[in-house]
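The values are calculated or read from the model by the stated rules, or taken from the named source; none is laboratory data. Since we're looking at a predicted model, the values are computed, not measured. Backbone-built Cβ (ideal geometry, glycine too); neighbour counts: all protein chains shown. Ligands, DNA and RNA are excluded from the accessible area calculation, which covers all protein heavy atoms including side chains. Shrake-Rupley method; radii C 1.70, N 1.55, O 1.52, S 1.80 Å.
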Amino acid sequence: MSDAPEFQYDDIEPLPISGGQEGELCQIMYDGEYRTVMGIARALLQKLEFSERALHATSQAIDLVPAFYTMWNYRFQIVKALYGTDGAELNRELDWLDEFTLNNPKNYQIWSYRQALLRLHPSPEFQRELPILQSMIDDDTKNYHVWSYRRWCVLFFGDFTNELQFASSLIARDVYNNSAWCHRMFVLKNQVPKGPPAEALTGELHYTKKQIELAPQNISSWNYLRGLYDEFLDGKADPAIMEFALSFTPGIFAADASDTGPQIQSSYALEFLARAYAKNEDTFAQARKAYQALSDHFDPIRKNFWAYKIRSLTA
Amino acid sequence: MSAAPIPDGRLTIQKHRRFLQRHLAILPSKYQEYEANKLAIVTYALIGLSCIGDPVSEEYAASKEWLRRHYRVIGRGETSLAGFFPSLYMEVENALTLSLTSTLFGLISLLCLNDHKFFISDVDREGICRFVSKCHKPETGGFAASLDVVAEDSLEPSKTDPDDLRHTYMAIAILYLMGCRNASEFGRYVCLEPLFSHFEQKACVSGGFGQYGEPHAGYTSCALSILELISDRWDIFPNSFYDKTIEWLLQRQVSDKCPEMSGNEYFDPEDDGGFQGRENKFADSCYGFWCANSLSILKAPHKVGDAYQNGLSEYLLNKTQNLLLGGFAKNDNEDPDLYHTCLTLAALSMMSGEFDGTLFLPRKVADTARSQFIAP
């Protein structure tokens, strides 16, 4: 193990990897490094050795097979045995993990391992997690695991302070970033158990409308708008929001709308309107018109579904 | 007991066969990084071959014993634990290396090879169910995929594993294959109430399921498959939520006929007909499977028609099939890989009624498992 001359494994007999069993499938041609690293790491585990050199051996094994859950768990047990709840040592382990994370962004284990370390840590800090979260999001602004981990942190530390601002900054970079919109809803739903205060909701409505004006054909912002109404405003669309939605669908509801259909800016505005009209028998005619326009012109791939919505218009 | 082959002349069956068979033969060293997923590789290749109609139980009969070598019973009698570990080199004396993932893939592979004897007489059914039970975390309702590798005082779910809906699905599917058929039978091994509240946290405002409110087609398929397998607890959500979920799923089908989406870097008109895993992402062949499976569990074809299947088939066959190398890619510009090949063939087979997406088995194999392997 050339990169770590301080660790000696001469006394360890590497566990062999024997191939060529009868009926073997997926016979992998392991290389020499793999055989050595895995041989030593497994031998140390078999001896139940909890030592600095065993820790190093697990990092080498994990480097080669990032999904080797047994090694991650063994590593965690070594960390616990060697460092207990020593914050400084656990920070060192988090440093190692940051480095590993940057090189293996899609791995599943990195985030749950991190959670285990923070649960063990005597004084974990959200602050310490922010740089790695930031660089991972910069690298892939829609990385599902990273967003999930961030939300886990928010709940674990009970700290929502910077979250709306964080979501806004990502939405400013890309208004179509659905993760950022979901993050906003996550904050609204979890920060205050009773739901957000009225002035916060007004602010959100204003913000969302502005973002929709920037990019009207955006399912993420329209879903968010719908979510605000469904979750916090009894699902009742008021005249102002109806007018807002209508501004993206000029001419659709005119009595003489021609067969070719006018150009509209947003099929999601039309869906929003249709959904609202479908709630009241008096406006079924408008709902039918909206669904028909979606089916004929603006979202024909879901023709069957819009026909189903029209069939469902019953008092 | 393979499936009737997918009836479409555009499928280059011979090339796919060779692509899949290669993955079961000798693999170059770059595959060593997937060592912990070896039984997944076996499963994906066997399922893919079954979907194109190959009699895998005959062709790979000689591998039954080799597969069974990945199965272990730890302890005896009333307290035994049983399951599979991912590879023969990952079993380590003194360490607990069984995993839910390997156990499910091991069971699926043996089913593909028609090893009924394993299920009827050889398996330690209670041992497997106890292992699943030990991976359960009643305080959160989820599951780790394995146990702490060195037990301290008692066997505990691994503290370093994720506990998302994938593992819950695997746990429930394993219990199903071990004979559980309804809530009271599953309830013997897992605490269903916390499991369902775990579920409720994963249900999203706009329909679908995901982590912390962000819906995701893969997790949605896991959640709906779990409800389908447990069978008698659909009541944990109101019907309106399932309707919303159908709508959310249908909205994942990408269309090139919509008002202009200026500046959306994740929109490609070439994706028309394919499904994306989340809003404003590119289509990806594997989400065709996860969405189509979810829609079929929710009986969407009866409710709203099955036109989405035509668009999806066109996308999969015309855009993601590699006519030169065989196999399918995630989209129209990547190289083919085993996972997307398996999921695409499974989706095509499912749409022709020959694949059970809930158990991830060819329909005939699933039917046998459903009717024969019932708890004693």
Problem - Label-point separation, B:Ser29 to B:Glu270 (7 Å along Cα→Cβ), nm - result: 3.4 nm
Exercise for the section: Please compute the Cα-Cα pair-distance distribution of the protein assembly as shown with 20 Å bins starting at 0, giving whole percents from short to long. Expected result: 17, 50, 29, 4, 0
Fill in the blank from the handout: Checking A:Val79, A:Val192, A:Val154 against a Gaussian network model of chain A (alpha-carbon springs below 10 Å), the top fluctuating residue turns out to be A:Val192
Handout entry: Under 22 Å from B:Lys364, Cα to Cα: lysines that are on another chain or at least 8 residues apart
Key = B:Lys64, B:Lys117, B:Lys299
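Beta carbons within 10 angstrom, averaged per residue: use that to sort the peptides B:316-324, B:110-118, highest first.
Details: B:316-324: 17.9, B:110-118: 20.4.
The most tightly packed comes first, giving B:110-118, B:316-324.
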Handout entry: Centroid-to-centroid separation of the range B:263-340 and the range B:351-367 [C-alpha atoms, Å]
Key = 19 Å
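In percent, how large is the relative contact order of the range A:133-243, given Cα pairs closer than 8 Å and 6 or more residues apart? Working shown, then result.
Numbers: 71 pairs, mean separation 22.9, N = 111.
21 percent.
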Practice task
Pop a pseudo-label 7 angstrom from the Cα along the beta-carbon direction at both A:Ser51 and B:Thr140 and give the gap in nm to one decimal.
Solution key: 3.3 nm
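Please compute the contact order of chain B in relative form: average sequence separation of alpha-carbon pairs under 8 Å and at least six residues apart, divided by the residue count, as a percent.
On the way: 649 pairs, mean separation 66.2, N = 376.
It comes to 18 percent, rounded to a whole number.
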Problem - Under 5 Å, built H, 5+ apart or other chain: amide partners of A:Ile28 - result: B:Leu27
Exercise for the section: Pop out the ³J(HN,Hα) list for the range B:139-146 in order, Karplus 6.51 cos²θ - 1.76 cosθ + 1.60 with θ = phi - 60°, rounded to Hz; leave Gly and Pro as x. Expected result: 5, 10, x, x, 9, 7, 8, 8
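At a threshold of 8 angstrom on Cα-Cα distance, excluding pairs fewer than six apart, so keeping six or more, what relative contact order does the range B:284-361 reach in percent?
Details: 81 pairs, mean separation 25.9, N = 78.
Once divided by the residue count of the range B:284-361, the mean separation gives 33 percent.
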Completion exercise
One finds, for A:Leu233 and A:Gln21 with R0 = 45 angstrom and r their Cβ-Cβ distance, a FRET efficiency to the nearest 0.05 of 0.10
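Can you give the average number of partner chain beta-carbon atoms within 10 Å of each beta-carbon in peptide A:272-279, as a whole number? Mind showing how you got there, number by number?
Values: counts 0, 0, 0, 1, 0, 0, 0, 0.
The shielding value for this peptide is 0.
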Completion exercise
Candidate cut points under trypsin sites (Lys or Arg not before Pro) in the range A:260-315, DSSP loop plus at most 14 other Cβ atoms within 10 Å of their own Cβ, are A:Lys279
Practice task
For the protein assembly as shown, with all protein chains present and a 1.4 Å probe, just round the carbon and sulfur fraction of the accessible area to a whole percent.
Solution key: 50 percent
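Work out, step by step, the length gained on full extension between B:Leu325 and B:Glu58: first 0.36 nm times the residue separation, then minus their alpha carbon distance; give nm to one decimal. Please report the intermediate quantities before stating the final value.
Numbers: separation 267, 0.36 × 267 = 96.12 nm, distance 2.53 nm.
Length gained, B:Leu325 through B:Glu58: 93.6 nm.
From the mean inverse distance of alpha carbon pairs (Kirkwood) and the Cα radius of gyration, derive Rg over Rh for chain A.
Values: Rg = 27.7 Å, Rh = 24.0 Å.
Checking Rg against Rh, the ratio lands at 1.16.
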Handout entry: Candidates A:Ala81, A:Ala278, A:Ala254, ranked by Gaussian network fluctuation over chain A, Cα under 10 Å, top entry
Key = A:Ala254
Fill in the blank from the handout: GluC sites (Glu not before Pro) in the range B:311-376 lying in a DSSP loop, each with at most 16 other Cβ atoms within 10 Å of its Cβ, come to B:Glu334
Practice task
Could you do me a favour and compute the accessible area per residue for the range B:141-222, 1.4 Å probe, result in Å²?
Solution key: 27 Å²
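Write down, largest first, the equivalent ellipsoid semi-axes of the range B:13-373 in whole Å, where each equals the square root of 5 times an eigenvalue of the alpha-carbon gyration tensor. Don't skip to the end; give the middle numbers.
Details: eigenvalues 207, 131, 69 Å².
Those come to 32, 26, 19 Å.
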Practice task
Return the Cα extents of the range B:62-164 along principal axes one, two and three, sorted largest first, each rounded to a whole Å.
Solution key: 41, 28, 27
Completion exercise
Output field shielding_mean for A:181-194 (other chain Cβ, 10 Å radius) holds 3
Handout entry: Among B:Asn182, B:Asn331, B:Asn94, residue whose mean-square fluctuation peaks in a GNM of chain B (springs only between Cα atoms under 10 Å)
Key = B:Asn94
Problem - Whole-angstrom Cα spans of the range B:108-207 along principal axes, big to small - result: 44, 39, 24
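Just tell me how shielded B:153-164 is by partners: mean number of partner chain Cβ atoms within 10 Å of each residue's Cβ, no decimals. Before the final figure, lay out the partial values.
Working: counts 0, 0, 0, 0, 0, 7, 12, 16, 8, 10, 2, 4.
Other-chain Cβ atoms within 10 Å of each residue's Cβ, averaged: 5.
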Exercise for the section: Between beta-carbons, use under 13 Å as the cut-off and find the net charge around B:Lys64, counting Lys and Arg +1, Asp and Glu -1. Expected result: -4
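Quick check: from the Cα gyration tensor, does the range A:240-314 come out rounded (a/c under 1.5), prolate or oblate? Intermediate results must be reported in sequence, preceding the final value.
Working: a/c = 1.44, a/b = 1.07, b/c = 1.35.
Here the range A:240-314 falls in the rounded category.
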Practice task
Could you calculate the contour length gain from A:Lys210 to A:Ser168, that is, 0.36 nm times the residue separation minus the distance between their Cα atoms, to one decimal place in nm?
Solution key: 13.9 nm
Handout entry: Two-site label geometry, A:Ala200 and B:Lys117: point separation in nm, points 7 Å out along Cα→Cβ
Key = 6.4 nm
Practice task
Note down the magnitude of the dipole of chain B about its Cα centre, charges +1 on Lys and Arg C-beta and -1 on Asp and Glu C-beta and zero elsewhere, to the nearest 20 debye.
Solution key: 920 debye
Exercise for the section: Rounded to whole Hz and in sequence order, give me ³J(HN,Hα) for the range A:109-122 from the Karplus expression 6.51 cos²θ - 1.76 cosθ + 1.60, θ = phi - 60°, writing x for Gly and Pro. Expected result: 6, 4, 7, 6, 5, 4, 4, 4, 5, 5, 5, 7, 5, x
Completion exercise
In whole Hz, the Karplus estimates of ³J(HN,Hα) for the range B:45-60 (6.51, -1.76, 1.60; θ = phi - 60°; x where Gly or Pro) are 5, 5, 5, x, 5, 4, 5, 8, x, 6, x, 5, 5, 8, 5, 10
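Looking at the range B:144-250, which GluC sites (Glu not before Pro) are DSSP coil and have at most 16 other C-beta atoms within 10 Å of their C-beta? Provide the component values of the computation, followed by the final result.
Details: sites: B:Glu152, B:Glu185, B:Glu200, B:Glu228, B:Glu247; in loops: B:Glu152.
Passing sites in the range B:144-250 are B:Glu152.
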Problem - Cβ-based charge dipole, chain A, positive-most Cα from A:Val192, A:Tyr30, A:Leu118 - result: A:Val192
Problem - Point-charge dipole on Cβ atoms (K/R +1, D/E -1) for the range A:274-315, about Cα centre, debye to 20 - result: 120 debye
Practice task
Grab the beta carbon distance between B:Arg18 and B:Gln372, set R0 = 25 Å, and tell me the FRET efficiency rounded to 0.05.
Solution key: 0.15
